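Here, each number is a calculation from the coordinates, and none is a lab measurement. Computed from a prediction, not measured in an experiment: that's the story for all the values here. Cβ placement follows ideal geometry from the backbone for every residue including glycine, while neighbour counts extend to all protein chains displayed.
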Amino acid sequence: MTILNSSDEIKKGEDDLINNHDDFRIFGLIIFLIADGMTFAGFFAAYLTYKAVNPLPEGSLYELELAIPTLNTIILLISSATFHKAGKALINQKNDLSQKWLLITASLGITFLICQLFEYFNLPFGLTDNLFASTFYALTGFHGLHVTLGTLMILIISWQTRINGGRITYKNMFPLEAVELYWHFVDGIWVILFIILYLY
């Protein structure tokens, strides 16, 4: 049993609790991403099951063009590399360079979304045409939502890495590390989605 004799000791005990506890933030983010991945897995399972046991009549399943999805895959893979460079630059205390790489990453995310919208406008089917169309839009739209959120987060942390007044530095990298992990997750989901929807 601990006996506290003064307010100074109480304050010291509180400071110890605040400053010396384990940091489980990344662990919490990983748990969130696993749960999010299970949502995508449900979509993938539904699509593959539907395709296996309930094929559409001939002429109802439309051939998907590969040009734009392939370009989008390349864009997201490059964006993962640019995000990694941003983290390396911040570790080396080059905040201005880190900010530039983050802005490049965000611009790649925006380019991906523009390409996806262009694909939507040129598809030969609509959202409610059939089950295949509904599943396609649900999968790509849900992923597009993740890209949109990721791009917004990248823009926010790029502002926070500014040299004058930025909160994200080599001493406080968690926000950048968390968003980078999320972005790599989104990129990985797209690769799986690309294989299942466009190549399988």
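Net charge dipole, the range 75-200: roughly 620 debye, given to the nearest 20, about the Cα centre with Cβ charges of +1 for Lys and Arg and -1 for Asp and Glu. Over 10 Å intervals from 0, what percent of Cα-Cα pairs in the range 75-200 sits in each interval? In order of increasing distance, the bins hold 13, 41, 26, 14, 6, 0 percent. Residue separation of residue 169 and residue 130 scaled by 0.36 nm, minus their Cα-Cα distance, works out to 9.0 nm of gained length. Here's the picture: a label point sits 7 Å out from the Cα of residue 24 along the beta-carbon direction, and within the range 166-200 nothing has its amide nitrogen under 13 Å of it.
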